[in-house]
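Working notes, structure below.
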Amino acid sequence: MVDAILNVCKGTCPNCNSGSIFKQKGLFYKMRMPKMYEHCTVCNYKFEKEPGYFIGAMYVSYMLTVGQAVGVYLIFSYLFQIGNNFQIFLIIIATMIGLSFFNMRISRTIWINLFKT
Ligand SMILES: [Zn+2]
């Protein structure tokens, strides 16, 4: 369990705990999508088990996005005391767009670590 959490934080292979899953992390402000290795560079563990394997990672991404949206809403409505819900909605949309590449990368990493065999 601790290894899985560390692997998710570092983005490393669930099998050997050292090989990187992504060759390119992806940055929104550079419009660079994250790119994965097909196999681990250290132990040759196959990351995508079958075609469409990462469709399930969308559920993880959805969970992360909802959590972030609720967090942003709570921060801006209670901490910064913005009473206008439309302004908070726009801030949430901007946050979701800004974190989209990060969410894609972290959700795939969580998905790989959930179902390692
Ligand atoms: Zn590995």
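Laboratory data are not the source of any read-out in this text; all were calculated from the coordinates shown. Owing to the predicted nature of the structure, the values given are computational and were not obtained by experimental measurement. Note: ideal-geometry Cβ built from the backbone for every residue, glycine included; neighbour counts use all protein chains shown.
At a glance:
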{"read-out": "CYS43 versus MET96: modelled label distance in nm, points set 7 Å from Cα along the beta carbon direction", "value": "3.7 nm"}
{"read-out": "Using a Förster distance of 30 Å, the FRET efficiency for MET58-PHE86 (Cβ separation, nearest 0.05)", "value": "0.60"}
{"read-out": "Acute angle (nearest 10 degrees) that the helix 100-114 long axis makes with the longest principal axis of the chain, alpha-carbon atoms", "value": "40 degrees"}
{"read-out": "Inter-label distance, nm, simple model (7 Å from Cα along the C-beta direction), LEU74/GLU50", "value": "3.8 nm"}
{"read-out": "Neighbour-count order for THR109, THR65, THR12, THR41, fewest beta carbons within 10 angstrom listed first", "value": "THR41, THR65, THR12, THR109"}
{"read-out": "Dipole magnitude (debye, nearest 20) for segment 2-114, charges at Cβ of Lys, Arg, Asp, Glu", "value": "340 debye"}
{"read-out": "Fluctuation leader among LEU64, LEU99, LEU79 - the chain, Gaussian network, Cα springs under 10 angstrom", "value": "LEU79"}
{"read-out": "Farthest toward positive dipole pole in segment 2-114 [+1 Lys/Arg, -1 Asp/Glu at C-beta], among TYR45, LEU27, LEU6", "value": "LEU27"}
{"read-out": "At R0 = 25 Å, FRET efficiency that the Cβ-Cβ distance of MET1 and LYS30 yields, to 0.05", "value": "0.15"}
{"read-out": "On Cα atoms only, tilt of 85-98 relative to the major axis of the chain in degrees", "value": "20 degrees"}
{"read-out": "Cα centroid separation, segment 6-42 to segment 91-106 (Å)", "value": "17 Å"}
{"read-out": "Close Lys-Lys pairs in the chain, where close means Cα under 20 Å and separation is 8 or more or interchain", "value": "16"}
{"read-out": "The chain - Cys residues lacking any other Cys C-beta under 4.7 Å", "value": "CYS9"}
{"read-out": "Using alpha-carbon coordinates, inclination of helix 57-74 to the longest axis of the chain, degrees", "value": "30 degrees"}
{"read-out": "Where only alpha carbons of segment 18-98 are counted, the Rg and the Dmax (Å)", "value": "17.5, 53"}
